[in-house]
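These notes concern the structure reproduced below.
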Amino acid sequence: MRFLRWLVRLEIGIWRSLFLWIFRRVPGMGPGVVAFGYSRQQAPVIAVFIFVSLVELPVVHLLIPWDAVRLVVLILSVWGLLWMVGLLASVRVFPHLIDDAGLRVRYGAGVDVFVPWTSVCEVKARRGSVDTQRYLLVEDGVASVPVMKMTRVDVALRSPIAVRGEEVSALRLYADDPRAFVVEARARLGSVERAAEESLDRDPRRLVGERPEP
């Protein structure tokens, strides 16, 4: 039953991504939001499958002599072609996002992990690998969102967050430009930390838990 629900969510996500790509919409984008892609490595692989699907259409029409069978196979081939285009769209219209509130680490339409700056301790570029085919792996207190088993950015957390029902203290992800991602993330994190320090300077009693006067 769980697998069936996952298939339904995947199918809906693929077709939604195709719709968003056609109309050039990126969910979550707005003023002050910076997007970082992660599809550079896998887009050529998906493009090859799309090309193969395109070649398959006329071949099927020529090789299958039975009209009914030809129609069924043609419908399945067109569906498969659009599905692959939707898969490519999903990794384009759901990039990672950085804004003043925190990080949104995404993969396609199925993975969306929000990390507030108040929970972030450090962000650094580091090459890593994860031996999994999953888009999201939670293991030993670490959430990994790899691309082709690779990660390029490590996010250390000062306080755990919940990911798929499990608490994690670190997050690893892939970004096409990890250095730019880290620079932007550190700048936003620094702004939040400075704002917190200034707030404490204005009201030192918060350091000892005293309630400020109204």
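The values are calculated or read from the model by the stated rules, or taken from the named source; none is laboratory data. Computed from a predicted structure; not experimentally measured. Cβ: placed from backbone, ideal geometry, glycine included. Neighbour counts: every protein chain shown.
Evaluate region 74-84: report whether one residue or more is in contact (Cβ under 8 Å) with a residue 12 or more places away in the chain and under 30 Å from VAL153 (Cα atoms). Yes - at least one qualifying residue is present in region 74-84.
Screening ALA68 with (1) small (Gly, Ala, Ser); (2) surrounded by 12 or more Cβ atoms within 10 Å (Cβ to Cβ); (3) more than 30 Å from VAL120 (Cα to Cα) gives one miss only, at (2). If you go through region 150-165 and keep only what is modelled with pLDDT under 95 and among the charged types (D, E, K, R), you end up with ARG158, ARG164.
A single member of ALA109, ALA125, ALA143 is among the small types (Gly, Ala, Ser) and in a loop (DSSP other than H, G, I, E, B), and it is ALA109. The numbered conditions (1) among the polar types (S, T, N, Q); (2) over 22 Å from ALA125 (Cα atoms); (3) in contact (Cβ under 8 Å) with a residue 60 or more places away in the chain are all true for SER39 except (2).
Consider region 121-164 and keep the residues that are closer than 24 Å to ALA180 by Cβ and acidic (Asp, Glu). The one that is surrounded by the fewest Cβ atoms within 10 Å (Cβ to Cβ) is GLU122.
Among the residues making up region 113-135, those that are under 14 Å from the mean Cα position of the chain (by Cα) and at pLDDT 95 or above are VAL113, PHE114, VAL115.
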